[in-house]
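A.B. asks: Dropping a structure here in structure tokens format, bear with me for questions.
The values are calculated or read from the model by the stated rules, or taken from the named source; none is laboratory data. Everything numeric in this text was worked out from a predicted model, so none of it was measured. Neighbour counts are summed over all protein chains in view; Cβ atoms, including those assigned to glycine, are modelled from backbone coordinates with ideal geometry. Calculation scope for accessible area: heavy atoms of the full protein, side chains included, ligands and nucleic acids excluded. Shrake-Rupley method; radii C 1.70, N 1.55, O 1.52, S 1.80 Å.
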Amino acid sequence: MADQAQNQTVSTNDERAQRRLRRQALLDAGVNPYPIRSTIDAHAAELEERYAELEAGTDTEDVYSLAGRIRAFRKQGKAAFIVLEDCTGSIQLFCRVNDLPEDEWALLSQLDLGDIIGATGAVLRTRRGQLSVAPTHIELLSKSLRPLPEKFHGLTDREVRYRQRYVDLIMNADVRDTFRKRSQIISLIRRYMEADGYMEVETPMMHAILGGANAKPFVTHFNALDRDFYLRIATELPLKRCIVGGLERVFEIGRQFRNEGMDLTHNPEFTSMEAYCAYSDLDGMKALTEGLFKTIAREVCGCEEGHEVIEYQGQTVDMSGTWASRPLSEIASEVIGEHVDMDTPIEHLRELCESRGIETQDNWGAGKLLFEIYDELGEATLVNPTFVCDYPEEVSPLSKRKDEDPRLTDRFELVICGHEYANAFSELNDPVDQAGRFAEQVAAKGFGDDEAMGYDYDYVRALEYGMPPAGGIGYGIDRMVMLFCDAPAIRDVLLFPAMKPETITRADIASQLPETTDGAAASVDALADDAENGAANEAAAGRAEAKPLETGLTREQAFDLLKQYNEDPFHIAHGQTLEGLMRYYAEQYDPANVEFWGQVGLLHDLDWEKFQDEVQHTVKAGEILAEAGAKPELAHAIQTHNSDNNPDLPAPSSKMECVLFACDELSGLIQAACLMRPSKSVMDFEVKSLKKKFKDKKFAAGCNRDVIRRGAELNGMELDELFTSVIDAMKAIQPTCDGVN
């Protein structure tokens, strides 16, 4: 690698290579281009303000130390002029040969645009009126090896700006200003909330159960517990647990993660604030929101009180006065051109949707259809702040129903310029109602809704202790920053937005490396692989380090044991099918333990035919396996798949146990469905056919749909994903699936 670098021809046109040579020359001369210490006691903007009245041609004896990046540099004989830029602005360094030590004057010839330097000297104003510092000491603090973008055209490529935000910040003062405003807005929100009696709290970033919003999650693996968790999509449910516990006003500003698309107003990782107030309601949340937004308009945008008017992307937004509150059905009616509400026949609502290109699903009720009309057509028509109210219960699983019409909920969304900025509820605190709505959400998962929530037993348990009436609201902080900074896209207000992976070549990496290193160094190929596949490599290494598992039985002994306690060919075939499926998935998730996974599948129903006791199922199997000399780990893994019937048994936690739980019930349903087909084979079986059979509760009624849903949750998968995966697996093991040993 070193030889390769040494043999590269350095072109005089390759400025980066020239800068590396200057760096090396400094090192060779005993100058450290990256010293440890630096001294600063002033900034450019401070000096501009302090010496605003200093007349042209006047010197002072006031000495300051500054530091910053060189943005312009010209040398004229015995004088040199450097424009030094720091975080507050820029100031000129008026360097004179007689003021600087000889070695520091010589150092100027080794400097490049973009270098970071420190300078100490007296303040003066030149005869041309330029405030300057005349250095008596200059020190290089950081050598810049990459040239900045060309001065007059700057950095304009959006892809490069977002990916290399550090260069964007260097080159574009308005970008720096946007992120200063972002910090100011978040700080202001925090102060406003605390002044209103709210306490800031922190809640977990990883959740075992999906909840608090309708969104598709990211899934991560928790090694210590050996199970998958969701990165949070909302902070709602933990915060409302705080309300149950007696913390009357709480809020949290934090990151949320939703595994969805990227567009002008969406980023998979974003910042929100959620707040909950006991003994409040929707009106309380409206007052909170109006006050907060108007305060930001005044303090960040300079609006006068009572005239909070801002511009956003060419639209004038008037935030002053009392904001409008309008029912969702009213806006939908306005955009459709006829009156529609919850009493409009479902067939007509579906016709209105279809005639306007809005996709629908057969299981949607009037509320969902009405919402889709508003969401697709009505929201974009709202410019000034509007509280859109009376959302259908069908799309509001965590909000209280309205007393006058239980089909609607006490909820609003704040819409400005066609975008949602806040979502508020009069919070549901009836535990029985909440449990029922969670059950509806789980059912929606069964119909393919990959954004529906899971069943949160602990949250319902918390409500059973009693939660006071409460108002709750969530704000999209990134969108708020967009609004008050007049930014067209969410990426413009995120320092490091999500980006597609960058293609980095081996030559790119080689160009960064030193010619020699003090110790052993990885090859360019290894570095390129790490840059491209780092996360995947770590995950694979973690799997490889897992200790191999042993059953204590050979496969032949395990199969003989199955036949000893099972005479029905169906039960033997089912064991073989599960063995094949478990081996298939072990190859993906745990290739070191394929045999262990296979025997778990083969023997999972070892005791069923002989004992047929739902509660004691697998308990007897544990006794049989112990007598046969099997390791306890084998019985433990097998027993987890019956923990829903016997709470004394261990629940599924490892990936192997979660896969067994999911495949057992679902494979039975798939096999039953395949027997109804002319081919009686899984090879021509499709997901859509399985979904129909799944919805038909009369078909294979013994296959518990709730167990199948639970299996999907345990594996961090939506039902459609699980269906597809298991069908593909059964096709892969088709001979075993058909019962052939």
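A.B. asks: Compute the signed sum of charges (Lys and Arg +1, Asp and Glu -1) over the other residues within less than 13 Å, Cβ to Cβ, of residue 256.
C.D. replies: Local charge sum for residue 256: -1.
A.B. asks: Would segment 671-737 count as rounded, prolate or oblate if I go by the C-alpha gyration tensor, calling it rounded below 1.5 in a/c and otherwise prolate when a/b exceeds b/c, oblate otherwise?
C.D. replies: Oblate shape, in that a/c is at least 1.5 and b/c is the bigger or equal ratio.
A.B. asks: List the aspartates and glutamates whose Cα sits under 17 Å from the Cα of residue 610, skipping any in the same chain fewer than 8 residues away.
C.D. replies: Those aspartates and glutamates meeting the cut-off are 560, 567, 568, 623, 627.
A.B. asks: For a test of the definition: using alpha carbon positions, the gyration tensor, and the 1.5 limit on a/c, classify segment 174-311 as rounded, prolate or oblate.
C.D. replies: Oblate shape, in that a/c is at least 1.5 and b/c is the bigger or equal ratio.
A.B. asks: Then there's this: Do the sum for the chain: with -39,500 (n - 2.57) for every DSSP H run of n ≥ 4, divided by all residues, what is the mean residue ellipticity at 222 nm, to the nearest 500 deg cm²/dmol?
C.D. replies: Mean residue ellipticity at 222 nm (helix-derived): -12500 deg cm²/dmol.
A.B. asks: So, R0 is 22 Å and r is the distance between the beta-carbons of residue 644 and residue 221; what FRET efficiency does that work out to, to 0.05?
C.D. replies: Approximately 0.45, to the nearest 0.05.
A.B. asks: Placing +1 at every Lys and Arg Cβ and -1 at every Asp and Glu Cβ, with all other atoms neutral, what dipole size does the chain have around its Cα centre, in debye to the nearest 20?
C.D. replies: Value, rounded to 20: 1800 debye.
A.B. asks: With a 1.4 Å probe and all protein chains in place, put 717, 206 in order of accessible area, largest first.
C.D. replies: 206, 717
A.B. asks: What are the ³J(HN,Hα) couplings of segment 501-514, residue after residue, when phi is run through the Karplus curve with 6.51, -1.76, 1.60 and θ = phi - 60°? Round to Hz, x for glycine and proline.
C.D. replies: With coefficients 6.51, -1.76 and 1.60, one gets x, 7, 7, 10, 8, 5, 5, 4, 5, 4, 5, 8, 7, x Hz.
A.B. asks: At 0.36 nm per residue, and after removing the present C-alpha to C-alpha distance, how many nm does the segment from residue 202 to residue 554 gain when stretched out fully?
C.D. replies: 121.7 nm
A.B. asks: Could you work out the Rg to Rh ratio of the chain, with Rh taken as the Kirkwood radius (inverse of the mean 1/r over all Cα pairs)?
C.D. replies: 1.06
A.B. asks: Something else now. Return the FRET efficiency for the residue pair residue 443, residue 567: r is the Cβ-Cβ distance, R0 is 45 Å, and the value is rounded to the nearest 0.05.
C.D. replies: FRET efficiency, residue 443 to residue 567: 0.70.
A.B. asks: Follow-up. So how far apart, in nm, are the two label points at residue 177 and residue 672 if each is 7 Å from Cα heading toward Cβ?
C.D. replies: About 6.7 nm separates the two model spin labels.
A.B. asks: Moving to a separate point now. Keeping all protein chains in place, calculate the accessible area per residue for segment 389-501 (probe 1.4 angstrom), answer in Å².
C.D. replies: Ligands and nucleic acids excluded, the figure is 35 Å² per residue.
A.B. asks: Once a ≥ b ≥ c are taken as the square roots of the eigenvalues of the Cα gyration tensor of segment 48-120, is the result rounded (a/c under 1.5), prolate (a/b larger than b/c) or oblate (a/b not larger than b/c)?
C.D. replies: Verdict is oblate for segment 48-120.
A.B. asks: Could you give the spread of the C-alpha atoms of segment 309-378 along their three principal axes, from largest to smallest, in whole angstroms?
C.D. replies: 44, 23, 21
A.B. asks: Right, something else. Around residue 342, with a cut-off of 13 angstrom between Cβ atoms, what is the net charge of the other residues, counting Lys and Arg +1 and Asp and Glu -1?
C.D. replies: -4
A.B. asks: Of the peptides 275-288, 675-688, how do they stack up when ordered by the mean number of other Cβ atoms within 10 Å, highest first?
C.D. replies: Ranked by mean Cβ neighbours within 10 Å, highest first: 275-288, 675-688.
A.B. asks: Cross-link partners among lysines for residue 692, C-alpha distance below 16 Å, same-chain residues fewer than 8 apart left out?
C.D. replies: 445
A.B. asks: Place +1 on the Cβ of every Lys and Arg and -1 on the Cβ of every Asp and Glu in segment 64-172, take the dipole about the Cα centre, and give the residue among 80, 106, 67 whose Cα lies farthest towards its positive end.
C.D. replies: Value: 80.
A.B. asks: Moving to a separate point now. Output the Cα-based Rg and Dmax of segment 613-690 in Å, rounding Rg to one decimal and Dmax to a whole number.
C.D. replies: For segment 613-690, the Cα radius of gyration and maximum Cα-Cα distance read 15.8, 45 Å.
A.B. asks: With point charges of +1 on the Cβ of Lys and Arg and -1 on the Cβ of Asp and Glu, referenced to the Cα centre of the chain, which listed residue (392, 142, 261) lies farthest in the positive direction of the dipole?
C.D. replies: Of the candidates, 142 comes out farthest on the positive side.
A.B. asks: Also, I was wondering about something else. Between residue 495 and residue 526, take the C-beta separation as r, use R0 = 25 Å, and let me know the FRET efficiency to the nearest 0.05.
C.D. replies: The formula returns an efficiency of 0.25 here.
A.B. asks: Taking 0.36 nm per residue of separation and subtracting the Cα-Cα distance, what length does fully extending residue 324 through residue 701 add?
C.D. replies: 130.5 nm is the gain from fully extending residue 324 to residue 701.
A.B. asks: Between residue 728 and residue 518, what is the label-point separation in nm under the 7 Å Cα-to-beta-carbon projection?
C.D. replies: According to this spin-label approximation, the distance is 4.8 nm.
A.B. asks: Pairs of Cα atoms under 8 Å, at least six residues apart: use those to get the relative contact order of the chain, whole percent.
C.D. replies: Dividing the mean separation by the residue count of the chain yields 9 percent.
A.B. asks: With Cβ to Cβ distances under 12 Å as the rule, what net charge do the other residues near residue 118 carry (K, R +1; D, E -1)?
C.D. replies: -3
A.B. asks: When only Cα pairs under 8 Å and 6 or more residues apart are kept, what is the percent relative contact order across segment 125-238?
C.D. replies: Relative contact order here is 14 percent.
A.B. asks: Using only the alpha-carbon atoms of segment 363-495, report the extent along each of the three principal axes, biggest first, to the nearest angstrom.
C.D. replies: Result, largest extent first: 45, 32, 31 Å.
A.B. asks: With labels modelled as points extended 7 Å from the Cα through the Cβ direction, what inter-label distance (nm, one decimal) is found for residue 692 paired with residue 46?
C.D. replies: 7.7 nm
A.B. asks: In Å, what Kirkwood hydrodynamic radius results for segment 581-635 from the alpha-carbon pair distances?
C.D. replies: That comes to 11.9 Å for segment 581-635.
A.B. asks: Near the amide H of residue 452, under 5 Å away, which other amide H atoms are found, from residues 5 or more places off or on another chain, if H is placed in the peptide plane?
C.D. replies: Residues meeting the amide H criterion: none.
A.B. asks: Same structure, new question: Grab the Cα-Cα distance for residue 633 and residue 653, subtract it from 0.36 nm times how many residues apart they are, and report the gain in nm with one decimal.
C.D. replies: Full-extension gain reported as 5.9 nm.
A.B. asks: Work out the length of the dipole vector of segment 456-521 about its Cα centre, built from +1 on the beta-carbon of each Lys and Arg and -1 on the beta-carbon of each Asp and Glu, and round it to the nearest 20 debye.
C.D. replies: 200 debye
A.B. asks: Do the alpha carbons of any pairs in 216/691; 216/693; 697/731; 368/402; 286/402; 368/400 sit beyond 23 Å of each other, and which pairs?
C.D. replies: The pairs that break the limit, which is 23 Å between Cα atoms, are 216/693; 697/731.
A.B. asks: What span do the alpha-carbon atoms of segment 97-169 cover on each of the three principal axes, reported in whole Å from largest to smallest?
C.D. replies: Taking the Cα atoms of segment 97-169, the three principal extents are 46, 29, 16 Å.
A.B. asks: In segment 159-198, with Lys and Arg counted as +1 and Asp and Glu as -1 at Cβ, which of these residues, 160, 192, 179, has the Cα nearest the positive end of the dipole, that is, farthest along it?
C.D. replies: Ranked along the dipole, the leading option is 160.
A.B. asks: Using only protein heavy atoms and a 1.4 Å probe, report how much of residue 144 is accessible, in Å² to the nearest 10.
C.D. replies: Residue 144 exposes around 20 Å² with every protein chain in place.
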